[in-house]
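Worksheet: the structure to be examined is printed underneath.
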Amino acid sequence: MSLVDDLRSALSHDRVLEEPLELHLYSKDASMMRGEATCVVLTETTDEVAAVVRIAEDHRVPIVARGAGTGLTAGASPTEGGIVLSTTLMNDIEIDVDNRTAWVGAGVINLDLSTYAEPYGLHFAPDPSSQSVCTIGGNVANNSGGAHCLAEGATTSHVLGLEVVLAGGEVVVLGGEAPDSPGLDIKGIIVGSEGTLGIVTSALVRLLPLDPDVRTLLIDFETMEEATQTVSDMIAAGFVPAALEIMDQKMMVAVENWLHAGFPTDAAAMLLAEVVGETEAVTAEAALISEMAYKNNARGVELAEDEAHRAKLWKGRKSAFGALAQISPDYYLHDTVVPRSRLVETMDEVQQIADRYGLDVYNVFHAGDGNLHPLISFDASEEGMLDKVQRAGEEMVAACLRNGGALSGEHGIGLEKRDMMRASFTELDLDAQARLKEAFDPEGLFNPAKILPEGSRCFDFGGTRRPIPEGAWV
Amino acid sequence: MGWVTEEHPTDQELDACVQCGLCLPLCPTFRLTGKETASPRGRLQAMNAVRDGLFEVDETFEHIMDFCLGCRACEPVCPGMVPYGRALEGTRAEIVAQRPSASHRLRAFLLGSLLGSRGTLNVGSTLLGFAQMLRLTELAPRRYRRLTSGLRPLRGRSDASVGHSGGSGAAGSVGLLSGCVQDQWFRPTNRAAIELLEMAGYRVEAPLAQTCCGALAAHDGKAPEARSLAAINTPAFDGYDMIVATAAGCSAHLREYAHWADDGESVGSRSIDITVAIAEAIERGLLPRVETDNGEIGIQDPCHLRHAQRVTAEPRAILEAAGYQVVEIDPAGMCCGAAGLYTILQPEASQELGNQKAEQIRSTGVKRVASANSGCEMQMRSALGDEVEIRHPIEWYLDAIEAARTRVNVAAVKDPS
Ligand SMILES: Cc1cc2nc3c(=O)[nH]c(=O)nc-3n(C[C@H](O)[C@H](O)[C@H](O)COP(=O)(O)OP(=O)(O)OC[C@H]3O[C@@H](n4cnc5c(N)ncnc54)[C@H](O)[C@@H]3O)c2cc1C
Ligand code: SF4
Ligand code: SF4
């Protein structure tokens, strides 16, 4: 039987898509790289996922997991063809209030989980800016972070167990309630593996109590240095607020145009700081932040008046990437981490690179952990533009690495940064990772050609990996 | 083939989408199916693909677009400010031009012969009134039965509002859009609008020269029809300080008249929804606040008020002035599935969304619901039957004023004794 027939008999007719236009809509995530799906399946159960994996093996076609498709590195783009497995219908939540944990389907939307847990006084801490749409499966696969991960840690700190479908359709449960399960931490290997080792069907996550009180401060500065210095001062003083986010002036203007959140568009930089805890503590901490800000010449410190005001400020921060669409049709976003002490000089270098290429660059970033997100805004339909953006992007990443940075803060490697892996890993490192991949996925069918560049395996005699295909960039 | 009409989605409209996906969770059809092909981002990508010549306006494309409610819940959340509703109207116009098909003929009948002519509607509605009385509506084919079961009783209707004129004019003048279906099936809403506006000191006229606003035609890709209706209404509403419509779908469309008629901006800039007009009059002290406690009332936000016009505070303010405690039914503001002709064209999805909304209402325990759009009212009534009483916020308000007056009068009569 044909691939589609096999899939249809394992699932149902309407959950296997094969019309070319339908496939086209599944051919990319939120990045700039497009693949071409052979077909799309929407699974509802773990058994169905296992069946799809076996069918993929029978037909020797790749299988690419997809959550909400908000990834920014082409992780979910089927660039080698094959089956796109959409998890959006796997959205059960089973909450264990006493243990403050929940088993959640891979397709559950991050914010839906927190909304669901709210009546129990609980929430899921990792809060990527895309949290209103991205899935737990995607969060696990990319080990995603968010503004509030500064104090609480990224996704991996909140995953206790995973149910995963491995090669051969084998279903395993890794980790569990116990704080440390015996043997190697295989669950920890799956987190951040971007769908290259298996398909996560559900996750046992840790839920945290809702914060009794919160203070959110909007601080504006006349220079970017003063803003980042304030952040460094706080961390140096051993004080880690719940969130520390910086936005530059250009970015504020774009967001304000849409949301009217009250961002100081005449300031060079804005720092959004948040502290959570008991009322007494947050009041004191908010005062301390103010003091440190003023010491660094802050122009003004504004305290969010109420929950609605606070929500609006965060909405402004979290929608920043999208707001760029008002300016030009495409954006290319980098995600690197540099030591906080090097933030300002790295940003200057990034700006110089942009100037040299005649490109527009915007900044909005997790200042607390030095996670830079320089955004290049451009129009891909302009002749030669994509090439320019790509080259500038590579130079920017190289500049970050030179300043002691890492390739990715939270968005993962995917395809987009795959060929930059060599800049941060030795041959030996890459070989070790390639062997791990082989151990899990001997046929090389799980999200092939992602993360590891061609020839990662020392003594690599061919294999499936190839350079990023021509025309994958859209 | 790309685009063939002048209505097509513009490059600017399509390029505004960066595919961030933030609109997905707000989209009812995405929530129902989990499919990218049923999401705003997917639909915009499909439009893009046609524009770029990668795909044709074919059957798959038509299905993808037909399944869209046009509820525009994807707009307020979009940081790129993609004008999705406009792009969809343009796309529907392209589909009509490029794919003359059976479902369009059904729509053409509904739109052309029914809504365009006041005479036909009047006769039809009177017949429908008899049919309701004799319970003949229960014999209608299923997809229509859900529509008829949501109607208010039509027999014994008050006079049509069209042609009305009255009121002092101390506060200004109002041109009332009577509406095609609205004036036949929801006369009490129009009557309440007239009474309240006149009470507030407005001169209210519902000019005879007016016709259907053209919203349904525009949403359905019948751009020429929408244009000719707008061309009739624009002069008909000349000269009024404001133009008021009592169905959210109509007020939203009037506000976008700049796109539909040469001088349409003059209509667009003066048009407001009745809830905004009444809330403003209350705010300015032109209309009273009722002091009595009338208990709880659920509020349902019509998409064309909440998403298309970003109006949410006003209907709540009216209900509070009517002495009610407002209970939120659905903080996310999901579409109830009525969506113009969607009830008839996509009966299954429409019914599922209607049932979801009914469940939300039941779980709040309210027995009264306010909805500022007649289509939503019918949809909810057909899902809930007599369990809950559903009316327009201004009708609840007018009732509360009248009840309070009676009480005052009774008190006044009792007092001297
Ligand atoms: C506006 C915007 C803001 C963002 N902000 C942040 C941010 O603040 N922090 C951050 O870390 N990221 C951010 N991102 C990136 C992205 O949202 C995250 O990486 C997110 O976790 C991806 O989730 P998803 O469900 O969309 O996954 P997808 O994009 O669908 O997939 C991402 C990767 O996970 C794999 N995958 C998905 N589901 C599974 C599964 N069940 N099993 C195995 N593999 C799977 C896919 O194959 C792919 O490699 C942002 C993106 C956007 C568009
Ligand atoms: S929110 Fe706006 S920019 Fe983002 S995918 Fe939806 S329509 Fe496109
Ligand atoms: S108009 Fe409504 S149904 Fe259509 S894409 Fe937008 S949110 Fe979805």
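Tabulated results
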item: Top-ranked residue in the stretch B:10-55 [being more than 9 Å from chain A (Cβ to nearest Cβ) and assigned to a loop (DSSP other than H, G, I, E, B); ranked as nearest to A:Ser328 (Cα to Cα)]; result: B:Thr10
item: Residue match in the stretch B:15-36 (condition: more than 10 Å from ligand 2 (Cβ to nearest atom), of a type outside the set (Phe, Trp, Tyr), under 21 Å from A:Ser132 (Cα atoms) and touching a Gly at 6+ places or on another chain (Cβ under 6 Å)); result: yes
item: Meets criteria (more than 14 Å from ligand 2 (Cβ to nearest atom), modelled with pLDDT of 95 or more and at negative phi) for B:Phe61; result: yes
item: The stretch A:1-33 - residue that is part of a loop (DSSP other than H, G, I, E, B) and of a type in the set (Ser, Thr, Tyr) and, of those, farthest from the chain's Cα centre (by Cα); result: A:Ser2
item: Subset of the stretch B:79-88 (residues that are open to solvent by 20 Å² or more (accessible area, probe 1.4 Å) and either near ligand 3 (Cβ under 10 Å from one of its atoms) or within 18 Å of B:Tyr342 (Cα to Cα) (or both)); result: B:Arg86
item: Number of the condition not met by A:Val84 [criteria: (1) modelled with pLDDT of 95 or more; (2) within 12 Å of chain B (Cβ to nearest Cβ); (3) buried (at least 24 other Cβ atoms within 10 Å of the Cβ); (4) more than 29 Å from A:Val61 (Cβ to Cβ)]; result: (4)
item: Of all residues making up the stretch A:50-72, the number that are more than 14 Å from chain B (Cβ to nearest Cβ) and assigned to a loop (DSSP other than H, G, I, E, B); result: 3
item: Those residues of the stretch A:367-382 which are outside any loop (DSSP other than H, G, I, E, B), within 12 Å of ligand 1 (Cβ to nearest atom) and either open to solvent by less than 10 Å² (accessible area, probe 1.4 Å) or farther than 26 Å from A:Gln249 by Cβ (or both), in sequence order; result: A:Asn371, A:Leu375
item: In the stretch B:28-40, residue nearest to B:Gly333 (Cα to Cα) [restricted to those that are open to solvent by 10 Å² or more (accessible area, probe 1.4 Å) and in contact with a helix residue (DSSP H, G or I) (Cβ under 8 Å, 6 or more places away or on another chain)]; result: B:Arg31
item: Of the criteria (1) open to solvent by 10 Å² or more (accessible area, probe 1.4 Å); (2) at pLDDT 95 or above; (3) within 14 Å of chain B (Cβ to nearest Cβ), which one A:Leu42 fails; result: (1)
item: Test: A:His13 is open to solvent by 20 Å² or more (accessible area, probe 1.4 Å), within 14 Å of chain B (Cβ to nearest Cβ) and out of contact with any helix residue (DSSP H, G or I) (no Cβ under 9 Å at 6 or more places or on another chain); result: yes
item: Looking only at the stretch B:69-78, and only at residues there that are within 14 Å of chain A (Cβ to nearest Cβ) and open to solvent by 10 Å² or more (accessible area, probe 1.4 Å), the one that is farthest from B:Gly42 (Cα to Cα); result: B:Pro76
item: Only one of B:Ala332, B:Ala313, B:Ala308 that is open to solvent by 10 Å² or more (accessible area, probe 1.4 Å) and modelled with pLDDT of 95 or more; result: B:Ala313
item: Residues satisfying the stated conditions in the stretch A:139-153, i.e. open to solvent by 30 Å² or more (accessible area, probe 1.4 Å) and small (Gly, Ala, Ser); result: A:Ala151
item: Selected residue (only one of A:Val240, A:Val255 is in contact (Cβ under 8 Å) with a residue 60 or more places away in the chain, under 26 Å from the mean Cα position of the chain (by Cα) and not in a helix (DSSP H, G or I)); result: A:Val240
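This table checks each residue for (1) within 21 Å of the chain's Cα centre (by Cα); (2) within 16 Å of ligand 1 (Cβ to nearest atom); (3) surrounded by 15 or more Cβ atoms within 10 Å (Cβ to Cβ).
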position: A:Leu160; (1), (2), (3): yes, no, yes
position: A:Leu184; (1), (2), (3): no, no, no
position: A:Glu194; (1), (2), (3): yes, yes, yes
position: A:Ile199; (1), (2), (3): yes, yes, yes
position: A:Val214; (1), (2), (3): no, no, yes
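The values are calculated or read from the model by the stated rules, or taken from the named source; none is laboratory data. Source: prediction; values computed, not measured. Methodologically, a virtual Cβ is constructed for each residue, glycine included, from the backbone with ideal geometry; neighbour enumeration extends over all protein chains shown. Note: areas computed on protein heavy atoms with side chains; ligands, DNA, RNA excluded. Shrake-Rupley method; radii C 1.70, N 1.55, O 1.52, S 1.80 Å.
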